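**Q** Quick one: the structure is below, questions incoming.
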Amino acid sequence: MSEPNPYADGEYKWGPGQQGATPAYGYPQTPPPYQPTLPGGVPVPPQYGPAGAGMPLLSLGDIVVVGDQIVTPAGNMPLKGAVWNAMDMSRVEEKMPTAAIVLAVVFFLFCFLGLLFLLMKEKQTTGFVQVMVTSGGRHHVTMIPATTPDTFHWVLGQLNYARTLSI
């Protein structure tokens with residue numbers, strides 16, 4: 001094991017390439033390029049190229065449509081001919097808040113109108129909207145949290161846009 005490598009021609013070939021005086025890592029030695037600003041000293045927002053150059057057209061959870069590709073954690077899929085589906089797995093729970101019970105008890109002692117506080121209701125949306133995409137022999141599913149009753153309608157609007165892009 002202490003013998004030299006018989007296949008080596010004498011020069012060191014392993015590891016990162018040897019560079020001259022240019023450092024490969026660390027803080028950049030050159031100043032950043034000039035950044036134009038607006039009159040108030042506010043930086044100009046970046047200008048993006050055409051949509052096919054990598055700018056996302058649509059994003060639903062971890063599904064992103066970029067140009068003619070659907071990018072998912074499972075891999076890229078072709079956009080043309082993709083099949084999009086959504087399933088509403090959310091629910092709206094209606095309950096009586098604690099403050100209503102306390103107010104009803106306190107005001108019941110003074111007058112019977114305190115019982116009107118028992119009519120107070122609180123609605124809370126919980127659950128997820130499941131989005132499925134299938135294209136090019138691949139399948140990916142993502143879950144989007146439902147925070148309002150309109151979340152499913154918003155997702156359907158996004159899916160309809162994705163379906164028009166898939167034609």
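**Q** How far apart, in nm, are two points set 7 Å out from the Cα along the Cα-to-Cβ line at N160 and at M89?
**A** 2.5 nm
**Q** So if R0 is 45 Å, what FRET efficiency would T142 and V106 give, r being the distance between their Cβ atoms, rounded to the nearest 0.05?
**A** 0.45
**Q** May I ask you to compute the full-extension gain from K80 to S59, defined as 0.36 nm times their residue separation minus their alpha-carbon distance, rounded to one decimal in nm?
**A** Here the answer is 5.9 nm.
**Q** Any chance you could run the full-extension gain for L113 through M132? It's 0.36 nm times the residue separation minus the Cα-Cα distance, nm to one decimal.
**A** Going from the current span to full extension adds 1.7 nm.
**Q** Give the relative contact order (percent, whole number) for the stretch 62-146; include only Cα pairs under 8 Å separated by 6+ residues.
**A** In percent, rounded to a whole number, it is 31.
**Q** In whole angstrom, note down how far apart the Cα centers of the stretch 69-94 and the stretch 133-167 are.
**A** Result: 4 Å between the Cα centres.
**Q** Only Cα pairs under 8 Å and at least 6 apart count here; give the relative contact order of the stretch 105-147 as a rounded whole percent.
**A** 29 percent
Laboratory data are not the source of any read-out in this text; all were calculated from the coordinates shown. Keep in mind the model is a prediction, meaning the values are calculated, not measured. All Cβ positions, glycine included, derive from the backbone under ideal geometry; neighbour counts span all protein chains shown.
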